[in-house]
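Undergrad: Okay, here's the structure, questions in a sec.
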Amino acid sequence: MVLQDLSDFSNSVVTIYNNHISDRVLGAPATNLELKVMSGNYNDKNHVTNYQGISVTGKVVKSSTYLIRDNTHKIIGMLCINIDIDKFMQLQNYLDDILKPPEEILEKTTEYLSTSTKELVQDSICTIIDETGISPERMSLEEKREVVHKLHENGIFLVKGSISKVATILKVSNATIYRYLSIIKKDLL
């Protein structure tokens, strides 16, 4: 169980119990899911349940997050519950090998349980770039702008220092990232 205060994305974990399950520690930063929540993607929900979490060591956990709101309905914190399902997954894989069930198509949300702000930003950027299948050196300006747009949607620019990191990885200037963000925000109006 993890209690998070969202007034400081760099040090959001304020209480943690059984941290061996998620490998997170007191003072750990917000996760990519929390940034997405704070970007307004879950304004109509009070919880996100039964999704996959991945620790920094690659451990897969079953996660649920409950949003804590103040009296003005603003999200101020989160209670996150992570369940170690490693043994269950091993059993499921064993049974799947025997029974060969049909493939199911499910929408999946994956949360990366970062232990540092640097890692959170890096993981988020790399995930979006990997989805494009194009290395930053070969991306057109439009493709780079689309990467910035997806990162904006995922809330990565709420993290201090992320603009510089994105600019470095995309091999553009900070001013270019600011310009892309300005265009994106203008398009959203």
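The values are calculated or read from the model by the stated rules, or taken from the named source; none is laboratory data. Remember, it's a predicted structure, so these values are computed and weren't measured experimentally. Reconstructed Cβ throughout: ideal geometry from the backbone, glycine too, with neighbour counts over all protein chains shown.
Undergrad: Identify the residue in region 39-61 that is touching a residue at least 24 places away in the same chain (Cβ under 8 Å) and within 17 Å of ASN154 (Cβ to Cβ) and, among all such residues, is surrounded by the fewest Cβ atoms within 10 Å (Cβ to Cβ).
TA: Per the criteria, the residue is GLN52.
Undergrad: Does any residue of region 110-126 turn out to be in a helix (DSSP H, G or I), within 24 Å of VAL61 (Cβ to Cβ) and modelled with pLDDT of 90 or more?
TA: Kept after step one, since they are in a helix (DSSP H, G or I), are these residues of region 110-126: 117-126.
This time we only want the ones that are within 24 Å of VAL61 (Cβ to Cβ), so: 117-126.
Retained after the next criterion (residues that are modelled with pLDDT of 90 or more): none.
No, every residue in region 110-126 fails to be in a helix (DSSP H, G or I), within 24 Å of VAL61 (Cβ to Cβ) and modelled with pLDDT of 90 or more.
Undergrad: A further question follows. Please state which of the following conditions ASP23 fails to meet, knowing it meets all the rest: (1) surrounded by fewer than 12 Cβ atoms within 10 Å (Cβ to Cβ); (2) modelled with pLDDT under 85.
TA: (1)
Undergrad: Let me ask another. With among the hydroxyl-bearing types (Ser, Thr, Tyr) and either closer than 18 Å to GLU34 by Cα or surrounded by 13 or more Cβ atoms within 10 Å (Cβ to Cβ) (or both) as the only criterion, which of SER140, SER114, SER135, SER182 stands out?
TA: Within the list SER140, SER114, SER135, SER182, the selection yields SER114.
Undergrad: I'd like the residue in region 62-101 that is free of Cβ contacts under 8 Å to residues at least 24 places away in the same chain and assigned to a strand (DSSP E or B) and, out of all such residues, is surrounded by the fewest Cβ atoms within 10 Å (Cβ to Cβ).
TA: ARG69
Undergrad: Are there any pairs with C-beta distances below 6 angstrom linking a residue in region 127-144 that is under 29 Å from GLU111 (Cβ atoms) to a residue that is of a type outside the set (A, V, I, L, M) and at pLDDT 90 or above, with the two at least 6 apart or on different chains, and if so which?
TA: Matching pairs, first to second residue: ILE128/LYS150; PRO136/LYS171.
Undergrad: Okay, moving on. Can you pull out every residue in region 153-175 that is assigned to a helix (DSSP H, G or I), surrounded by fewer than 18 Cβ atoms within 10 Å (Cβ to Cβ) and not small (Gly, Ala, Ser)?
TA: GLU153, LEU158, THR168, ILE169, ASN174
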